[in-house]
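Read through the structure below, which is laid out as structure tokens, and then see the notes.
The values are calculated or read from the model by the stated rules, or taken from the named source; none is laboratory data. Here the structure is a predicted model, which means the values were calculated and not measured. Note that each Cβ is placed from the backbone with ideal geometry, even for glycine, and that neighbours are counted across all protein chains shown. Side chains included, ligands, DNA and RNA excluded: accessible areas come from the protein's heavy atoms. Shrake-Rupley method; radii C 1.70, N 1.55, O 1.52, S 1.80 Å.
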Amino acid sequence: MSALRRKFGDDYQVVTTSSSGSGLQPQGPGQGPQQQLVPKKKRQRFVDKNGRCNVQHGNLGSETSRYLSDLFTTLVDLKWRWNLFIFILTYTVAWLFMASMWWVIAYTRGDLNKAHVGNYTPCVANVYNFPSAFLFFIETEATIGYGYRYITDKCPEGIILFLFQSILGSIVDAFLIGCMFIKMSQPKKRAETLMFSEHAVISMRDGKLTLMFRVGNLRNSHMVSAQIRCKLLKSRQTPEGEFLPLDQLELDVGFSTGADQLFLVSPLTICHVIDAKSPFYDLSQRSMQSEQFEIVVILEGIVETTGMTCQARTSYTEDEVLWGHRFFPVISLEEGFFKVDYSQFHATFEVPTPPYSVKEQEEMLLMSSPLIAPAITNSKERHNSVECLDGLDDISTKLPSKLQKITGREDFPKKLLRMSSTTSEKAYSLGDLPMKLQRISSVPGNSEEKLVSKTTKMLSDPMSQSVADLPPKLQKMAGGATRMEGNLPAKLRKMNSDRFT
């Protein structure tokens, strides 16, 4: 098979066929399946490798008049052969028209018949026929002025035509010569010296699955303010059933970190980290064989020598993305300078890369770590308990100022609630642990079990009986509160007791 590929190239693919159920002749003993060369179906690209967009505008109808409203840009966008044709045709028609005007003036004045009369002063001296009128116009328009043919002061209509010829000639020169100058100075050819790697690769970099491709500048002149962008073109269908052909999605190549601003002196490797925000979050090595997408790369910058903006484009289809490959290094340190070896610019080599997508890797990581899910659940419950305590603080701030002073010292119930919430969360999280860890946690003498039983006992007894079990500091606070409650009216004592219960 490899020999066939080397012989016929990549434009053909080898297909193995069997003779069963077909009109082929039966195979002899020891013969394997037959192989046929089938022309490989070419992938329809939106942007070619050279940057040309495969888009044609049709059925414009009356909208074609918009091209004439911007005639200068239309002429600049034309191909060179049409520009040269229009350039030659315009000057030829203008010259013939103006030469005809000079010949008509000479004919109407009778200068063609009286040109050889000695005492007769014609409108234009030495104009006898149309060729001589054409030569006079060319000498005047090109400011050659041989001195043999000249206009006299006896012809006012000739003077007016001479002024009109000068104005019209300046307009035609400015339009056509300006169009040709802009056409020649366009920086499109500058993009020919900006290189892109033939393939894009996907491999691990800094512990993350990354899509990479390489760009380079062949000239010594720099690209000022070079910036790179990537678009993913992929057809998709919305949940409402709308089909979007060639839907454009942005690929982050360092916009948030400034990595998209390039100092393009030597070849650079552009990276797109595949994460949860990436369109390739579900892409794996197996799914890439059935996917159809196109990555369009756009490199923009200012040409240092001309100051004009240049744009280079290319694209990568799914067949041109290599999974598990990495680019060869091309920069080496020589004596006093760095050398770039462009022979290895497109070369890649295989590296160990997991064939799974980033989504599948994260799911496998969650399945292999059973403690992650209970921790997330307990953190949510702990957050809810803290919100409940904050709600109690808000309720206490709404009491009258006198009650706030009286009850301000009695914060031990809140402390006990926080202790109980922490210990209950720990006790509840034991049920989410494996059986082996639950047995270890249920051994008598465990500090966590003692803490849970102690806190439960403190909360189950009445407030008056649990004072003796509290620390000395809390006992003083509780005793002071009891003495203060004895001095309160019956209505306030009832309100205060309802608050604690």
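Rounded to the nearest 0.05, the FRET efficiency derived from the C-beta distance between T64 and E240 at R0 = 25 Å is 0.10.
Of the accessible area of region 187-362, computed with a 1.4 Å probe over protein heavy atoms only, carbon and sulfur atoms account for 51 percent.
For region 169-262, GluC sites (Glu not before Pro) meeting the loop criterion (DSSP other than H, G, I, E, B) and having at most 14 other Cβ atoms within 10 Å: E240, E242.
For region 74-185, the C-alpha radius of gyration divided by 2.2 N^0.38 Å, with N the number of residues, is 1.27. Loop-located chymotrypsin sites (Phe, Trp or Tyr not before Pro) across region 120-222 with a Cβ neighbour count of 16 or fewer within 10 Å are Y120, Y128, Y146, Y148, Y150, with loop assigned by DSSP. Between Y120 and L218, the modelled label-to-label distance comes to 6.8 nm, taking each label 7 Å out from Cα in the direction of the beta carbon. Along its principal axes, region 141-201 has C-alpha extents of 82, 21, 8 angstrom, given from the largest down. Here the spin labels are modelled as points 7 Å beyond Cα on the Cα-Cβ line, and at I160 and Y107 they lie 1.9 nm apart.
Using the average count of surrounding beta-carbon atoms within 10 Å as a protection proxy, the listed peptides 334-346, 276-288 rank, highest first, as 276-288, 334-346. For region 74-185, the solvent-accessible area with a 1.4 angstrom probe is 62 square angstrom per residue. Amide H contacts of H222 (H built 1.01 Å from N, in plane; Pro and chain starts excluded): E304 sit under 5 Å, all sequence-distant by 5 or more or on other chains.
Taking all protein chains into account, the per residue accessible area for region 187-362 stands at 56 Å² (1.4 Å probe).
Length available on full extension from D282 to E363: 0.36 nm per residue minus the Cα-Cα distance, which gives 28.0 nm.
Multiplying the residue separation of H57 and Y128 by 0.36 nm and subtracting their alpha-carbon distance yields 20.2 nm. Calculate, for T152 and T305, the FRET efficiency according to 1/(1 + (r/R0)^6) with r their C-beta to C-beta distance and R0 56 Å; round to the nearest 0.05. Plugging the Cβ-Cβ distance into 1/(1 + (r/R0)^6) gives 0.60. Approximating the spin labels as points 7 Å out from Cα along Cα→Cβ, the A142-to-K49 distance works out to 4.8 nm.
When the trypsin sites (Lys or Arg not before Pro) in region 54-153 are filtered for DSSP coil states and for at most 15 other beta-carbon atoms within 10 Å of their beta-carbon, the remaining sites are K79.
Please state the equivalent ellipsoid semi-axes for region 216-368: what are the square roots of 5 times the Cα gyration tensor eigenvalues, largest first, in whole Å?
32, 22, 14
Centre-to-centre, using Cα atoms only, region 129-184 and region 210-254 are separated by 53 Å.
Here region 56-104 is treated as a Stokes sphere of Kirkwood radius computed over C-alpha pairs; at 4 °C and 1.567 mPa s its diffusion coefficient rounds to 98 µm²/s. Only protein atoms count toward the accessible area here, which uses a 1.4 Å probe; on region 74-185, the carbon and sulfur part of that area reaches 71 percent. Sequence-ordered 3J(HN,Hα) estimates for region 90-96 from the Karplus curve with 6.51, -1.76 and 1.60 and θ = phi - 60° stand at 5, 5, 5, 5, 5, 5, 5 Hz, glycine and proline given as x. Reported value for region 200-257: 166 Å³ per residue, from the convex hull of its C-alpha atoms.
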